[in-house]
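Notes to accompany the following structure.
Each value in this text was obtained by applying a stated rule to the coordinates, not by laboratory testing. Keep in mind the model is a prediction, meaning the values are calculated, not measured. Here Cβ is always computed from backbone atoms with ideal geometry, including for glycine, and neighbour counts include all displayed protein chains.
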Ligand code: HEC
């Protein structure tokens, strides 16, 4: 007679919970976008000093390649340039980091000079953006994921989840499944394993539980299919699918199916306990 302990499964579940909590705290802090702190005095000086400072910086550093009126030359035309008008932060980033044949001005120009020249470019020769370009606008742009990148990203991975989180969460789920399987085996086969065939009998309660789980499986599969169809129509229009609800219905469907299988094994299927094989019950 062998013991079918429920201690180890609980230990596994406890560790899964601890890892889950660690994941939430540790990696949320690491991957959360940093709050943008903007000094109002800096914004004030950027908005007031660019009309005077901007042209000077432009003349000394940019004119040679982009032309006196932004008409272009060795560098592209900046007057009426759609790319920079749509994404003003781009001017700051290109000047800051450089791009292709254009040199980086980091260290050569002070931060306020970069903002001044960027605002000059964005407000001259017919260019006119509404708000002046400030560190807040630039920081906001950096927090965003490029739509081109998003398009290629699996729609099942929420934005902001990084690899370490995926690793830890996978491990957490493995531990959790291990624990749940152990608890299930303890419940279905009893605390003591008696070798041999076990005849089972479904009482009215087992029967009722079975009917309820099968009905809810049906319900969740209908909800899941309906959600998929709605999302497919929306997706063709370019709308992001409602991944949360797809996942929720699919998860509940799998859960109720798993419960149905468990109930079947406990109440409807004659079981056999082979003690020598008991360790082979575990998933690895
Ligand atoms: C040595 C020549 C050169 C100088 C000096 C230069 N640029 Fe450029 N710039 C370029 C080239 C070449 C590109 C195109 C880079 C690429 O995309 O390959 C460019 C691209 C840009 C872009 C992006 C345009 C777009 O359509 O994406 C901006 C904005 C810009 N420059 C602004 C400036 C400003 C402001 C200055 C002065 C601080 C400056 N550049 C100085 C050569 C120059």
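The stretch between residue 173 and residue 129 holds 10.9 nm of extra length on full extension. This uses 0.36 nm per residue minus the Cα-Cα distance. Taking other Cβ atoms within 10 Å as a rough exposure proxy, 82, 246, 52, 59 sort from fewest to most as 82, 52, 59, 246. The largest-to-smallest principal axis extents of the Cα set in the stretch 201-268 are 53, 13, 12 Å.
Between residue 108 and residue 68, the simple spin-label model (points 7 angstrom out along Cα→Cβ) gives 2.2 nm. Let me know the shape class of the stretch 101-142, please: from the alpha-carbon gyration tensor, a ≥ b ≥ c as square roots of the eigenvalues, rounded when a/c is under 1.5, otherwise prolate if a/b is greater than b/c, or oblate. Oblate, because a/c is 1.5 or more while a/b does not exceed b/c.
By the beta-carbon count within 10 Å of each Cβ, the least crowded to most crowded order of 120, 178, 264, fewest first, is 264, 178, 120. Spatially, the stretch 168-241 and the stretch 105-132 are offset by 58 Å when compared through their Cα centroids. How would the stretch 167-250 be classified by its alpha-carbon gyration tensor: rounded, prolate or oblate, with rounded meaning a/c under 1.5 and the a/b versus b/c comparison settling the rest? Oblate. With the simple spin-label model, which puts each label point 7 Å out from Cα in the Cβ direction, the residue 7 to residue 233 separation comes to 5.7 nm.
Counting every other Cβ atom within 10 Å of each residue's Cβ, 265, 108, 236 order from fewest to most as 236, 108, 265.
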